[in-house]
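The block underneath contains the structure these notes are about, expressed in structure tokens.
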Amino acid sequence: MAARGPFGSGLLGSRFFWNLLASYAALLLVTGVLVGWQVQSRLEASLLRELEETLRRDCEMLAPLASEALRGDVPASLAAELERLSRATGLRTTFVAADGRVALDSSEDARAMDDHSSRPEIVQARAETFGGARRRSHTVGLDMLYVARRLNEGDSEGDSEGERVLGFVRVALPVSQIEGQLASARRSVVLGTGAGVLLALVLGLVLSQHFVRPIAAMKRTAQDLLAGRYDSRVRVTRRDELGLLGETLNALGAETTRRIAALSQEDAQLRAVLAGMIEGVVAVDEADRVAFMNQAARVLLQVAESAPEGMALWKLAPIRELEGLLGRARTSGAPERSEVELFRGGKELVFQAHASPFQGGGKAGFVLVLHDITELRRLERVRRDFVANVSHELKTPLTSIQGFVETLLSGALEDKQNNVRFLRTIEANVKRLTSLVTDLLSLARIESGALEVESAVVDWRDVLEQVLRLREPALLAKELILEVRGREKPVRVRGDREAMTQVLDNLIDNAVQYTPRLGRVVVSLASRDGQGSIAIADTGIGIPSADLDRIFERFYRVDKARSRAAGGTGLGLSIVKNLVLRMQGEVTVSSVEGRGSTFTVLLPLG
Ligand SMILES: Nc1ncnc2c1ncn2[C@@H]1O[C@H](COP(=O)(O)OP(=O)(O)OP(=O)(O)O)[C@@H](O)[C@H]1O
Ligand SMILES: [Mg+2]
């Protein structure tokens with residue numbers, strides 16, 4: 001903030017003010033000096049003229065006396081009288097004869113004085129009646145003003161032309177007499193001029209603030225606008241060009257504020273849109289420096305929130321494919337795309353990157369749009385695997401059936417020892433195909449949502465009894481010990497009875513299948529926290545932890561050969577998972593390889 005002087009805020013700090021004042025003062029000074037000098041010289045001239053006039057009158061006065069004196073002898077009393085007069089008034093009187101001889105002088109002895117005919121005032125008076133001169137007197141040694149008058153013979157008035165010159169009367173005064181007057185006149189001129197200049201300066205100061213103050217205010221507002229304080233305004237109090245300038249400045253401020261508000265609104269909208277996008281968006285400038293990066297892009301490229309914008313993209317996310325893509329887009333000047341595959345923490349990440357050029361502020365940059373297609377790729381692979389798996393699962397029994405049918409047709413039908421065995425194998429394979437197709441169909445129905453799932457209250461114990469009755473022969477065959485816990489109290493859960501049966505049947509079937517002879521299967525029922533739970537634990541072969549994540553996938557089997565030999569297709573757990581999810585439940589597994597596994601199903605209590 002500039003200093004606040006007595007003439008308004010910032011006035012003394014304004015260079016314009018001082019410039020204005022300096023030029024004004026210089027002008028005043030020059031005018032003052034010129035006027036003063038003019039006045040002074042005129043005054044001096046008029047004083048001299050006045051003095052000369054007085055001296056002329058004195059000459060006129062003394063003329064009769066002088067004529068008389070020059071004609072006859074000068075009486076001693078006259079000389080004494082003139083001398084007294086001279087002493088009293090400083091007026092020196094000289095009577096000069098026509099031949100230049102001094103007849104009488106009030107200050108000196110006339111006899112000792114030289115010929116005066118060549119004195120300028122005498123020369124002039126001889127020609128023009130009156131003569132005047134200002135010079136230093138040889139006789140008295142002072143600067144003197146002389147006036148001489150010609151006196152003519154015969155005429156006591158002494159002014160008739162053409163007559164013989166009788167002589168001259170000359171009076172003189174030392175100039176020092178008027179010097180005092182001149183000095184005082186000079187003093188008053190200097191004082192008057194000085195006072196005038198000073199007054200004008202003060203007036204100028206007051207007046208200049210009238211001009212400088214609005215300019216200083218406008219300067220401040222302009223600086224405010226430049227510094228981004230767009231609400232700064234000038235107070236307009238005048239109607240001249242300065243007022244107009246102030247109004248224009250205010251309009252400029254208002255317009256700037258409006259435009260910036262509109263721009264920032266647009267910017268906020270754009271940022272909100274970009275932030276809300278699932279696609280990652282990165283804008284880079286002509287040198288690949290990041291100008292903008294949305295949240296999705298940060299996640300995809302693993303760029304920390306704190307990473308500063310303005311850094312080169314290859315520093316923030318060193319991905320060669322992206323660099324290559326930008327390079328290609330830069331050379332072609334057209335949009336380019338590429339697919340980027342990365343491994344992040346052992347997981348694959350696939351995204352599609354589009355680079356499109358944009359022009360902004362005269363510079364060419366690129367917008368990169370990154371689209372995560374990892375899930376898409378995974379689903380594609382699952383579908384491909386599924387088709388391959390189904391084909392494979394179908395082909396195996398079909399090949400077997402075809403082989404046995406051909407064998408029977410080529411004579412084995414008559415082979416009483418083997419024909420039934422062959423037919424039994426064909427039957428087993430057909431059964432396997434049937435069960436496979438049934439599983440696939442039911443899985444497809446569950447997944448598509450076509451399967452109606454009831455929401456009834458079912459006592460889980462009833463379902464368990466039914467399943468165990470069915471699986472009893474298998475348990476006995478493998479001499480497995482079965483233990484059921486928590487069957488004293490009913491566990492009423494909500495869901496579809498048929499689906500529950502299928503779930504338990506699959507889980508107990510697995511427990512039996514993957515537990516060697518003389519093992520143990522424990523089924524525990526419980527209800528807590530609004531949920532019923534059933535856990536099927538076995539002391540079987542267990543599941544390697546690497547496979548735990550995937551065993552609920554279709555066709556996923558830890559040991560394909562073993563499972564297939566046991567007649568498994570790898571669809572059981574997938575069906576279990578889908579059914580439980582349809583009943584708003586949850587299924588989990590925990591297992592230690594070589595020790596056993598526990599599958600737990602949770603369903604909402606009815
Ligand atoms: N209780 C268990 N103990 C050990 N491994 C198991 C157990 N239950 C399932 N598995 C593993 O999970 C895989 C998938 O099981 P799932 O029930 O889906 O298929 P499956 O038993 O092979 O065939 P099916 O479709 O006839 O049930 C099995 O192949 C097996 O490797
Ligand atoms: Mg199974």
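The values are calculated or read from the model by the stated rules, or taken from the named source; none is laboratory data. This structure is a prediction, so every number in the text was calculated from the model and none was measured. Quick reminder, even Gly has a Cβ in these numbers, built from the backbone with ideal geometry, and neighbours come from all protein chains shown. Calculation scope for accessible area: heavy atoms of the full protein, side chains included, ligands and nucleic acids excluded. Shrake-Rupley method; radii C 1.70, N 1.55, O 1.52, S 1.80 Å.
Any idea how many residues of the range 69-93 are touching a residue at least 60 places away in the same chain (Cβ under 8 Å) and more than 21 Å from Gly141 (Cβ to Cβ)?
Total satisfying the criteria: 2.
Give the range 518-530 a look and list any residue that's open to solvent by 50 Å² or more (accessible area, probe 1.4 Å) and at pLDDT 95 or above, or say none.
The one that is open to solvent by 50 Å² or more (accessible area, probe 1.4 Å) and at pLDDT 95 or above: Arg520.
Out of Leu504, Leu480, Leu548, I need the residue that is farther than 22 Å from Asn578 by Cα and surrounded by 14 or more Cβ atoms within 10 Å (Cβ to Cβ). Which one?
Going through Leu504, Leu480, Leu548 in turn, just one is farther than 22 Å from Asn578 by Cα and surrounded by 14 or more Cβ atoms within 10 Å (Cβ to Cβ): Leu480.
Wholly within the range 278-376, which strands (runs of 3 or more DSSP E) include no fewer than the required count, namely at least 1 residues that are open to solvent by 50 Å² or more (accessible area, probe 1.4 Å)? Lay out the reasoning, then the answer.
Working: elements: 280-284, 290-293, 336-344, 347-360, 363-372.
The strands (runs of 3 or more DSSP E) meeting that bar are 290-293, 336-344, 347-360, 363-372.
Suppose we filter Arg562, Arg554 for residues that are within 13 Å of ligand 2 (Cβ to nearest atom), of a type outside the set (A, V, I, L, M) and either out of contact with any helix residue (DSSP H, G or I) (no Cβ under 8 Å at 6 or more places or on another chain) or not assigned by TED's automatic domain parsing to the domain that holds Glu479 (or both); which single one remains? Lay out the reasoning, then the answer.
Working: Arg554 fails: either out of contact with any helix residue (DSSP H, G or I) (no Cβ under 8 Å at 6 or more places or on another chain) or not assigned by TED's automatic domain parsing to the domain that holds Glu479 (or both).
It is Arg562.
Would you say Thr569 is in the same structural domain as Val457 (by TED's automatic domain parsing), of a type in the set (Val, Ile, Thr) and more than 7 Å from ligand 1 (Cβ to nearest atom)?
The answer is no for Thr569.
Take Ser533 and decide whether it is in contact (Cβ under 8 Å) with a residue 40 or more places away in the chain and over 60 Å from the mean Cα position of the chain (by Cα). Spell out how you get there, then give the answer.
Details: in contact (Cβ under 8 Å) with a residue 40 or more places away in the chain: yes; over 60 Å from the mean Cα position of the chain (by Cα): yes.
So Ser533 fits the description; yes.
Could you grab me the full set of residues in the range 389-422 that are under 30 Å from Arg557 (Cβ atoms), among the acidic types (Asp, Glu) and without any contact (Cβ under 8 Å) to a residue 40 or more places away in the chain? Show your work before the answer.
Here is the first cut: in the range 389-422, the ones under 30 Å from Arg557 (Cβ atoms) are 389-407, 421-422.
Still in the running and among the acidic types (Asp, Glu): 393, 406.
Correct list: Glu406 only.
Would you confirm, using the coordinates I've provided, whether Ser524 is away from ligand 2 (no atom under 12 Å from the Cβ), closer than 26 Å to Arg461 by Cα and of a type in the set (Ser, Thr, Tyr)?
On the way: away from ligand 2 (no atom under 12 Å from the Cβ): yes; closer than 26 Å to Arg461 by Cα: yes; of a type in the set (Ser, Thr, Tyr): yes.
In short, yes.
Could you go through the range 508-517 and let me know if any residue there is away from ligand 2 (no atom under 15 Å from the Cβ), over 29 Å from Lys431 (Cβ atoms), surrounded by fewer than 19 Cβ atoms within 10 Å (Cβ to Cβ) and assigned by TED's automatic domain parsing to the domain that holds Glu586. Break it down into steps so the answer makes sense when it comes.
Taking the range 508-517 as the starting set, the residues that turn out to be away from ligand 2 (no atom under 15 Å from the Cβ) are 516-517.
Next, only the ones that are over 29 Å from Lys431 (Cβ atoms) stay: none.
Taking every residue of the range 508-517 in turn, none turns out to be away from ligand 2 (no atom under 15 Å from the Cβ), over 29 Å from Lys431 (Cβ atoms), surrounded by fewer than 19 Cβ atoms within 10 Å (Cβ to Cβ) and assigned by TED's automatic domain parsing to the domain that holds Glu586.
Limited to the range 476-488, what total is found for residues that are modelled with pLDDT of 95 or more and within 16 Å of ligand 1 (Cβ to nearest atom)?
Selection size over the range 476-488: 4.
Just to verify a result, which residue in the range 532-541, among those that are near ligand 1 (Cβ under 8 Å from one of its atoms) and either surrounded by fewer than 18 Cβ atoms within 10 Å (Cβ to Cβ) or not small (Gly, Ala, Ser) (or both), is farthest from Asp459 (Cα to Cα)?
Residues of the range 532-541 near ligand 1 (Cβ under 8 Å from one of its atoms): 536, 538, 540-541.
Imposing the further condition that a residue be either surrounded by fewer than 18 Cβ atoms within 10 Å (Cβ to Cβ) or not small (Gly, Ala, Ser) (or both) reduces the set to 536, 538, 541.
Numbers: Ile536: 17, Asp538: 23, Ile541: 31 Å.
So the residue we want is Ile541.
Can you pull out every residue in the range 565-603 that is of a type outside the set (Val, Ile, Thr), within 15 Å of ligand 2 (Cβ to nearest atom) and touching a strand residue (DSSP E or B) at 6+ places or on another chain (Cβ under 6 Å)? Steps first, answer last, please.
Residues of the range 565-603 of a type outside the set (Val, Ile, Thr): 565-568, 570-574, 577-579, 581-586, 590-591, 593-597, 599, 602-603.
Checking the rest, the ones that are also within 15 Å of ligand 2 (Cβ to nearest atom) come to 565-568, 570-574, 577-579, 591, 597, 599.
Hits for the range 565-603 are Lys577, Ser591, Ser597, Phe599.
How many residues are surrounded by fewer than 22 Cβ atoms within 10 Å (Cβ to Cβ) and within 18 Å of Leu525 (Cβ to Cβ) when one looks only at the range 591-601?
Counting residues in the range 591-601 that are surrounded by fewer than 22 Cβ atoms within 10 Å (Cβ to Cβ) and within 18 Å of Leu525 (Cβ to Cβ) gives 2.
Within the range 510-526, which residues are in contact with a Ser or Thr (Cβ under 7 Å, 6 or more places away or on another chain) and either more than 9 Å from ligand 1 (Cβ to nearest atom) or not hydroxyl-bearing (Ser, Thr, Tyr) (or both)? Working first, answer last.
Restricting attention to the range 510-526, the residues satisfying the condition of being in contact with a Ser or Thr (Cβ under 7 Å, 6 or more places away or on another chain) are 515, 519-521, 526.
If the condition is that a residue be in contact with a Ser or Thr (Cβ under 7 Å, 6 or more places away or on another chain) and either more than 9 Å from ligand 1 (Cβ to nearest atom) or not hydroxyl-bearing (Ser, Thr, Tyr) (or both), then Gly519, Arg520, Val521, Ala526 are the ones that fit.
Within the range 398-413, track down each residue that is modelled with pLDDT of 90 or more and open to solvent by 80 Å² or more (accessible area, probe 1.4 Å).
Step one: of the range 398-413, the residues modelled with pLDDT of 90 or more are 398-410.
Hits for the range 398-413 are Leu398, Gln402, Glu406, Leu409, Ser410.
Report the residue count in the range 104-144 for those that are in a strand (DSSP E or B), open to solvent by less than 30 Å² (accessible area, probe 1.4 Å) and of a type in the set (A, V, I, L, M, F, W, C).
Summing the residues that are in a strand (DSSP E or B), open to solvent by less than 30 Å² (accessible area, probe 1.4 Å) and of a type in the set (A, V, I, L, M, F, W, C) in the range 104-144 gives 3.
Show the residue pairs meeting these rules: Cβ distance below 7 Å; 6+ apart or different chains; first residue within the range 173-197 and among the basic types (Lys, Arg); second residue assigned to a helix (DSSP H, G or I).
Arg186/Gln40
To keep it simple, each residue is scored yes or no on (1) over 25 Å from Leu47 (Cα atoms); (2) open to solvent by 100 Å² or more (accessible area, probe 1.4 Å); (3) of a type in the set (Asp, Glu).
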site: Leu166; (1), (2), (3): yes, no, no
site: Gly180; (1), (2), (3): no, no, no
site: Gly194; (1), (2), (3): no, no, no
site: Phe211; (1), (2), (3): yes, no, no
site: Val236; (1), (2), (3): yes, no, no
site: Glu255; (1), (2), (3): yes, no, yes
site: Ala272; (1), (2), (3): yes, no, no
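Given the residues Arg49, Arg87, Arg101, which is the only one that is out of contact with any strand residue (DSSP E or B) (no Cβ under 7 Å at 6 or more places or on another chain) and buried (at least 16 other Cβ atoms within 10 Å of the Cβ)? It would help to see each step written out before you state the result.
On the way: Arg49 fails: buried (at least 16 other Cβ atoms within 10 Å of the Cβ); Arg87 fails: buried (at least 16 other Cβ atoms within 10 Å of the Cβ).
Of the residues listed, the single one that is out of contact with any strand residue (DSSP E or B) (no Cβ under 7 Å at 6 or more places or on another chain) and buried (at least 16 other Cβ atoms within 10 Å of the Cβ) is Arg101.
Find all pairs meeting these conditions: Cβ atoms under 6 angstrom apart; at least six residues apart or on different chains; first residue within the range 112-139 and of a type outside the set (A, V, I, L, M); second residue open to solvent by 30 Å² or more (accessible area, probe 1.4 Å) and assigned to a loop (DSSP other than H, G, I, E, B).
Partner pairs satisfying both residue conditions: Thr139/Glu108.
Select, from Leu43, Leu70, Leu51, the only residue that is assigned to a helix (DSSP H, G or I) and farther than 30 Å from Val189 by Cα. Explain how you work it out, then say what you get.
Working: Leu43 fails: farther than 30 Å from Val189 by Cα; Leu51 fails: farther than 30 Å from Val189 by Cα.
Result: Leu70 is the single residue among Leu43, Leu70, Leu51 that is assigned to a helix (DSSP H, G or I) and farther than 30 Å from Val189 by Cα.
For residues that are surrounded by fewer than 22 Cβ atoms within 10 Å (Cβ to Cβ) and assigned to a strand (DSSP E or B), scanning just the range 489-501, find the one that is farthest from ligand 1 (Cβ to nearest atom).
Arg492
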